[in-house]
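What follows is a set of notes on a single structure, which appears directly below.
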Amino acid sequence: MQIFANSNYNFVKARFFAVAFSILWILVGFGLYAKNGINWGIDFAGGASIVLKFKDAVPMDRLRGQLADASIQQYGKPEENSVLIRLPQLQAEGDYAGQAVAKLNAALNPDAASKLDLNFQGRERIVELLLQTDPENKGSNETAKAYYETVAQSVISHRSELGLFKNMSQVAGSPGVTSNIARVLNEKAFLGAFNVLNQETVGPQVGKELQQKAIWAVVFSTLAMGLYLWIRFDIMFGFAAIVCIVHDILVALAFLPMIGAEFSLNIVAALLLVVGYSINDTVVTYDRVRENRRKMKTKMTFEEQLNLAMNQTLSRTILTSGSVVLVLISLILFGGKVIHDFAWVLLIGVIAGTYSTVTIVPAVAIAWNNLTGRKHDIAGPAARGRVESPRDETPATRKRRAV
């Protein structure tokens, strides 16, 4: 499939508008950083992140009363009754998230002192209860333990599918739960107010190390890509590629404060993907420039070479970028909260990588060419090695030769 066949757009002419737009975009984004600061995620700032799903409406007042320093916000759709709790950085290492969850459990589930919370406890506690009561008269041997472990795992798996149990009939509906087991669970267990969907703790030292490693990962990947193009083509294209990658990363980073996203490991992964995608499109264009130098028979300026190469690869660029953009839009709409920011950053990075290939890279390459005084005009090997025959000579030429 090919679109934009035989196109003849003057991409080089639009480079100044693209540069101006990119500079304005980046200044706006980094102005927001200067105003509000960097919204470091738990991965880099340290602290704790907890996602809770409640059986009924979320008791926001009680949560804020128990965790005064926490940032609490809705997680997912309102009808899902889920919240994201972020706790600030601590100076000491420890299970910060686990301590906070235990505190909430004690405050919101007073029955937990005497009964087993099926929305909070894990498989081991359910197995322990079933072995103690032995509702199926299996005894206390290894076979009995294996049987009750299977039942307990079935209950936990069913809870994971539902998010949490809202009534005991859902517990009884778990595969492997017999009437005797359901009776024991009704007597000895209860359904707590919430279930922990996710909890994460990152200490201050680990967060600082992750910050450094993330920065170096992006820097080294950018330099490696520039070095690769320098070796494969020349130093001008290598330098232009580095500028292009830095541009795409800055455009993506400038977008983060515009949507209030936090800088996390997912964002670092998105930036590294942007680096790889950006360089791929750039390599295709540069390779076409080099290929045209060997084939063209008519003299062309450097600007004309770049325009020709970009028009020749335009169909491939649009189809590749378009398919990626469609996938990323689907992730934004249907992928859920976990990868929402990741998909947005990747989408902006892909768009930036596409237009920087046809506008920013030529701007850098042409500026380099003009500053260094290098000659990239070509006539093609066929034209350079061509000997003019007498019948190709003009009358004026023949007259000069006769003189």
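Throughout, read-outs are computed from the coordinates displayed, never taken from laboratory work. Quick caveat, the model's predicted, so the values are computed rather than measured. Cβ coordinates were reconstructed from backbone atoms using ideal geometry, including for glycine residues, and neighbour counts include every protein chain displayed.
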(request) Any chance you could give the angle, 0 to 90 degrees and rounded to 10, that helix 15-36 forms with the longest Cα principal axis of the chain? (result) 30
(message) Using Cα springs under 10 Å in a Gaussian network model of the chain, which residue among 273, 371, 32 shows the largest mean-square fluctuation?
(response) 371
(message) Over the range 47-202, how many pairs of lysines fall under 22 Å by alpha carbon, counting only those 8 or more apart in sequence or from different chains?
(response) 18
(request) Return one number: the angle in degrees, 0 to 90 and rounded to the nearest 10, between the long axis of the Cα atoms of helix 361-372 and the longest principal axis of the Cα atoms of the chain. (result) 50
(message) Between residue 56 and residue 27, what is 0.36 nm times their sequence separation minus the Cα-Cα distance? Round to one decimal in nm.
(response) 6.0 nm
(request) Would you mind computing the Rg to Rh ratio of the chain from its alpha-carbon coordinates, Kirkwood style for Rh? (result) 1.21
(request) Taking every pair of Cα atoms in the range 311-378, average 1/r, invert it to obtain the Kirkwood radius, and report Rg/Rh to two decimals. (result) 1.19
(message) Can you tell me what share of the DSSP beta bridges in the chain is antiparallel? A percent to the nearest 5 is fine.
(response) 85
(message) Quick check: net charge around residue 127, other residues with Cβ under 9 Å of its Cβ, Lys/Arg +1 and Asp/Glu -1?
(response) 0
(request) Please get the size of the charge dipole for the chain, origin at its Cα centre, with Cβ charges of +1 on Lys and Arg and -1 on Asp and Glu, quoted in debye to the nearest 20. (result) 2480
(message) Quick check: the angle from helix 265-295's long axis to the longest principal axis of the chain, C-alpha only, nearest 10 degrees?
(response) 20
(request) Set Lys and Arg Cβ to +1 and Asp and Glu Cβ to -1, take the dipole of the chain about its Cα centre, and tell me which of 84, 332, 349 lies farthest positive. (result) 349
(message) At 1.306 mPa s and 10 °C, plugging the Kirkwood radius over alpha-carbon pairs of the range 47-202 into Stokes-Einstein gives what diffusion coefficient in µm²/s?
(response) 95
(message) Using Cβ contacts closer than 10 Å as the measure, can you line up 13, 77 from fewest to most?
(response) 77, 13
(request) Report, in deg cm²/dmol and to the nearest 500, the calculated mean residue ellipticity at 222 nm for the chain, where each DSSP H run with n ≥ 4 adds -39500 (n - 2.57) and the sum is divided by the residue count. (result) -20000 deg cm²/dmol
(request) State the extension gain, in nm to one decimal, for the chain segment bounded by residue 231 and residue 39, taking 0.36 nm per residue of separation less the distance between their alpha-carbons. (result) 65.3 nm
(message) Once you place label points 7 Å from the Cα toward the Cβ at residue 64 and residue 111, how far apart are they in nm?
(response) 2.9
